[in-house]
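The structure appears right after this line, and notes come after that.
The values are calculated or read from the model by the stated rules, or taken from the named source; none is laboratory data. Worth saying up front: this structure is predicted, and the values here are computed from it rather than measured. With ideal geometry, Cβ positions are generated from the backbone for all residues, glycine too; neighbour counts draw on all protein chains shown.
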């Protein structure tokens, strides 16, 4: 078996006697998108927090490029190339796009203590990097707070890519967006994968996951409901599995009846 | 022109690849003219405030514009401004420092106690060479303590620094009384190192000792050249550059420049009011010719000017504006300008007249400007007509002021300023009729324009500084009041410049905005939030140390209560200057302007011979107006960026 960029086997996490995550396995390849699907409370957040170094797993193995990993802080994960883009995006709304893009890692000129930000190249790089992702920002001086949700996601993704992420974790990037904006963000996800990153895309929307995903991990109540390559599963099955199969069928029947009565 | 900004959200339009190709000179960016760009800067409210407050007190008082009074308010602004700039940075970083006021006095008193001669009731008798760095170290320690406590306890800085305030206040009084037995501490010129440090912290420039008879030649020259460069730079940023330059424009430009020279000569040779009108006419025509030549040489002509269209709104605004200006003129004639009596507390008759005139004229010209702005959206011809009416009203008002005023400053200075403004407006709309306004971004032209603006403004500033720093023999013979500029102004300007640079151009500046705007986000991307905030507290404490030195060397003595309670003035100055109370937004330059506004108000109220008990009412009104104006500017700025 070829070596994966990231490989997880039987990862478990316990909070006291609560099993937050029980025996979950999946893999991420460079240039591919692994989708993690699950309803609310399925254990998605716990899963990404382990990957991003916020929590540590209690059982199982976590291999990054073949090495066993156990991160003590998000900084360590970041140093190894695992970047997480959370829903709140880690952005300062009143600051401009380029300042947000380089926040914490500003390029400088001059010698300490007389060093200053190389604004020209920072603006240029920010604009170019976003253009490479297919994102065209009109004005890098624009405050991030005035961008739309999709545009903000794009800044966060482009930033993670530029600063050398190998694995990009996206936590529900489309959940707060409209149909059009979601489509835009999905395109960035594909774009990021094309550039050779392994992308972990967390969502509760199979319609968003199926078109972009190469591998699907379905979680329900902390348990893995399956780990499939794209050719092993169709979109309908994915939706079924995710919502717990039988329950959804039941719901469809009930809805159909209710609407029938309404006529 | 925000309604033209209907560009689609960037990411939604076009294919990704197509968007990539169009990375240069983005066509979906609605073009903002130079005036619109200036108007959304966060400092603009404070700049307008500085001009407004200065004009107000210049008009209502006898001597506010003189060198003596200028030195007076700059002196107050210096110490207030140093603190306001530092405090505004801390506020941008999302924290307050209520101990900053008491800290200034504490540093001064600590310093004096360190160097005061040894005795039963005395100090430690250290050399100033040791006391200066030692007190600085203590200041850093106080700042560090504030920051460390705020970070460690996660309590609001409001509470933590309130505690520091009381501790410092108690220490000042307690130590002063314990060591010297008095509530005011003093030191003598004999302290070791005094002769070296005194000029650094309290050096003075006696204006009346610096005579320069050629001053006014340079003053006028710098003023004219500076204004010309500013005008050309504004044109450069406003009109479309020509691909093929028209050389015929250059001789016309030279002719205009020569005409201005002739005008200066006429003004110099004939020094009467009547002849000044002739000089003004020569100037006016020459400036028009010169600008026209320059524009002909560089800019694309306007092909379609359009016909005159006055809609109802514009007509109404024009009517209202002219009526207001007429009312101002009536007020100007009806109320005796020489009457300096108190009309009703706290106003003088003269004050009432000026207030009425300023109110009516302000409202009138605002209406006229709005009309001109609306006309601009229609076409160039309409704008020319409306602007010409506005310019005419301004010039006419100038003549009214000249005819109805006794004071020289109104008869000549204000008169010529109004003539110039009317002329500039007229020239501007004539150019607008003949040449095409730029609607696209041209980075080269903008860069050239910004350089021109900076050079021009620097020349104007130099002109004003020269005029204030030197006297002519004639002025001395006329017994001009002495004025002494303190070196503390240089500290103020230097400190402001350094902080503006730090805030705008360095990592630390970026991090300051970040920790004030969204601390968690900043921390997530690796900004050392706690360290940044602690350093901000140390900057404020360092500024307090500097002000403490300036205070101590000024009189060689300090009261134990020095600086107590002034922290709110710093915060007010910062807020007036456009800093947001909730953090994450503001500028250091704005805070400096805010300090200038407050200092001018305090000094101006005295100069206007109003009852100074009322000064806090004035400050309160200014604060309220400033906050409302700044909110409006910020909203506008964000809307314009959308």
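What tally of residues in segment B:232-256 results from selecting those that are surrounded by fewer than 17 Cβ atoms within 10 Å (Cβ to Cβ), part of a helix (DSSP H, G or I) and without any contact (Cβ under 8 Å) to a residue 40 or more places away in the chain?
2
If you check B:548, B:509, B:494, which single one turns out to be in contact with a strand residue (DSSP E or B) (Cβ under 9 Å, 6 or more places away or on another chain), away from chain A (no Cβ under 14 Å) and in a helix (DSSP H, G or I)?
B:548
Return only the number of the condition from (1) closer than 20 Å to residue A:83 by Cα; (2) buried (at least 19 other Cβ atoms within 10 Å of the Cβ) that residue A:206 does not satisfy.
Checking residue A:206 against (1) closer than 20 Å to residue A:83 by Cα; (2) buried (at least 19 other Cβ atoms within 10 Å of the Cβ), the one that fails is (1).
Could you tell me whether residue B:641 is more than 16 Å from residue B:65 (Cα to Cα), modelled with pLDDT under 80 and surrounded by 18 or more Cβ atoms within 10 Å (Cβ to Cβ)?
Details: more than 16 Å from residue B:65 (Cα to Cα): yes; modelled with pLDDT under 80: yes; surrounded by 18 or more Cβ atoms within 10 Å (Cβ to Cβ): yes.
Against the criterion (more than 16 Å from residue B:65 (Cα to Cα), modelled with pLDDT under 80 and surrounded by 18 or more Cβ atoms within 10 Å (Cβ to Cβ)), residue B:641 qualifies.
Filter segment A:213-229 down to the residues that are assigned to a loop (DSSP other than H, G, I, E, B) and touching a strand residue (DSSP E or B) at 6+ places or on another chain (Cβ under 8 Å) and list them by number.
A:213, A:214, A:222
Just need a number here: residues in segment A:217-234 that are surrounded by 14 or more Cβ atoms within 10 Å (Cβ to Cβ) and at negative phi.
11
Would you confirm whether any residue within segment B:296-308 is in contact with a helix residue (DSSP H, G or I) (Cβ under 6 Å, 6 or more places away or on another chain), modelled with pLDDT under 90 and closer than 30 Å to residue B:403 by Cα?
No, segment B:296-308 contains no residue that is in contact with a helix residue (DSSP H, G or I) (Cβ under 6 Å, 6 or more places away or on another chain), modelled with pLDDT under 90 and closer than 30 Å to residue B:403 by Cα.
With a cut-off of at least 3 residues that are away from chain B (no Cβ under 14 Å), name the helices (runs of 4 or more DSSP H) lying wholly within segment A:1-119.
A:44-51
List every residue pair whose Cβ atoms lie under 8 Å apart, where the two residues are 6 or more positions apart in sequence or sit on different chains, the first residue falls within segment B:501-515 and is without any contact (Cβ under 8 Å) to a residue 12 or more places away in the chain, and the second residue, located anywhere, is surrounded by fewer than 19 Cβ atoms within 10 Å (Cβ to Cβ) and part of a loop (DSSP other than H, G, I, E, B).
none
With the requirement that a residue be crowded, with 18+ Cβ neighbours inside 10 Å and out of contact with any helix residue (DSSP H, G or I) (no Cβ under 9 Å at 6 or more places or on another chain), what does segment A:30-44 give you?
Within segment A:30-44, A:34, A:43, A:44 meet the criteria.
Any residue in segment A:147-169 that is touching a helix residue (DSSP H, G or I) at 6+ places or on another chain (Cβ under 8 Å), at the interface with chain B (Cβ under 7 Å from one of its Cβ atoms), surrounded by fewer than 19 Cβ atoms within 10 Å (Cβ to Cβ) and farther than 17 Å from residue B:525 by Cβ?
Yes, because at least one residue in segment A:147-169 is touching a helix residue (DSSP H, G or I) at 6+ places or on another chain (Cβ under 8 Å), at the interface with chain B (Cβ under 7 Å from one of its Cβ atoms), surrounded by fewer than 19 Cβ atoms within 10 Å (Cβ to Cβ) and farther than 17 Å from residue B:525 by Cβ.
For segment A:174-193: of the residues being more than 13 Å from every other protein chain (Cβ to nearest Cβ) and at pLDDT below 85, which is surrounded by the fewest Cβ atoms within 10 Å (Cβ to Cβ)?
Restricting attention to segment A:174-193, the residues satisfying the condition of being more than 13 Å from every other protein chain (Cβ to nearest Cβ) are A:174-176, A:193.
Checking the rest, the ones that are also at pLDDT below 85 come to A:174-176.
On the way: A:174: 25, A:175: 14, A:176: 12.
Going through the qualifying residues, I end up with A:176.
Could you check residue A:196 against (1) assigned to a loop (DSSP other than H, G, I, E, B); (2) away from every other protein chain (no Cβ under 11 Å); (3) surrounded by 18 or more Cβ atoms within 10 Å (Cβ to Cβ) and say which number it fails?
(3)
Residues in segment A:124-146 that are surrounded by 21 or more Cβ atoms within 10 Å (Cβ to Cβ) and either more than 7 Å from chain B (Cβ to nearest Cβ) or part of a helix (DSSP H, G or I) (or both): how many?
5
Residue under question is residue A:75, and the condition is that it be on the phi < 0 side of the Ramachandran plot and modelled with pLDDT under 80; does it hold?
So residue A:75 passes the test.
Yes/no per residue for (1) free of Cβ contacts under 8 Å to residues at least 12 places away in the same chain; (2) within 17 Å of the chain's Cα centre (by Cα); (3) over 23 Å from residue A:40 (Cα atoms):
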| site | (1), (2), (3) |
| --- | --- |
| A:156 | no, yes, yes |
| A:166 | no, yes, yes |
| A:193 | no, yes, yes |
| A:216 | no, yes, no |
| A:219 | no, yes, no |
| A:224 | no, no, no |
| A:239 | no, no, no |
| A:253 | yes, no, no |
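Run down A:117, A:82, A:137, A:125 and say which single residue is modelled with pLDDT under 80 and touching a helix residue (DSSP H, G or I) at 6+ places or on another chain (Cβ under 9 Å).
A:137
Looking at segment B:475-491, which of the residues that are touching a residue at least 24 places away in the same chain (Cβ under 8 Å) and assigned to a helix (DSSP H, G or I) is farthest from residue B:76 (Cα to Cα)?
First, the residues of segment B:475-491 that are touching a residue at least 24 places away in the same chain (Cβ under 8 Å): B:476, B:480-489, B:491.
Checking which are assigned to a helix (DSSP H, G or I) leaves us with B:476, B:488-489, B:491.
Values: B:476: 26, B:488: 10, B:489: 9, B:491: 13 Å.
For segment B:475-491, the residue satisfying everything is B:476.
Hey, can you tell me all the residues within segment B:410-457 that are surrounded by fewer than 15 Cβ atoms within 10 Å (Cβ to Cβ) and farther than 30 Å from residue A:124 by Cα?
Within segment B:410-457, B:412, B:413, B:417 meet the criteria.
Which condition breaks for residue B:445 when tested against (1) modelled with pLDDT under 90; (2) in contact with a helix residue (DSSP H, G or I) (Cβ under 7 Å, 6 or more places away or on another chain); (3) in a helix (DSSP H, G or I); (4) within 14 Å of another protein chain (Cβ to nearest Cβ)?
Tallying (1) modelled with pLDDT under 90; (2) in contact with a helix residue (DSSP H, G or I) (Cβ under 7 Å, 6 or more places away or on another chain); (3) in a helix (DSSP H, G or I); (4) within 14 Å of another protein chain (Cβ to nearest Cβ), residue B:445 fails exactly one: (4).
Report the residue count in segment B:516-526 for those that are in contact (Cβ under 8 Å) with a residue 12 or more places away in the chain, buried (at least 23 other Cβ atoms within 10 Å of the Cβ) and in contact with a helix residue (DSSP H, G or I) (Cβ under 7 Å, 6 or more places away or on another chain).
Just the residues of segment B:516-526 that are in contact (Cβ under 8 Å) with a residue 12 or more places away in the chain, to begin with: B:516-519.
Filter once more, keeping what is buried (at least 23 other Cβ atoms within 10 Å of the Cβ): B:516-518.
When the remaining residues are screened for being in contact with a helix residue (DSSP H, G or I) (Cβ under 7 Å, 6 or more places away or on another chain), the result is B:516.
Counting residues in segment B:516-526 that are in contact (Cβ under 8 Å) with a residue 12 or more places away in the chain, buried (at least 23 other Cβ atoms within 10 Å of the Cβ) and in contact with a helix residue (DSSP H, G or I) (Cβ under 7 Å, 6 or more places away or on another chain) gives 1.
Looking only at segment B:192-213, decide whether some residue is part of a helix (DSSP H, G or I), without any contact (Cβ under 8 Å) to a residue 40 or more places away in the chain and within 26 Å of residue B:70 (Cβ to Cβ).
yes
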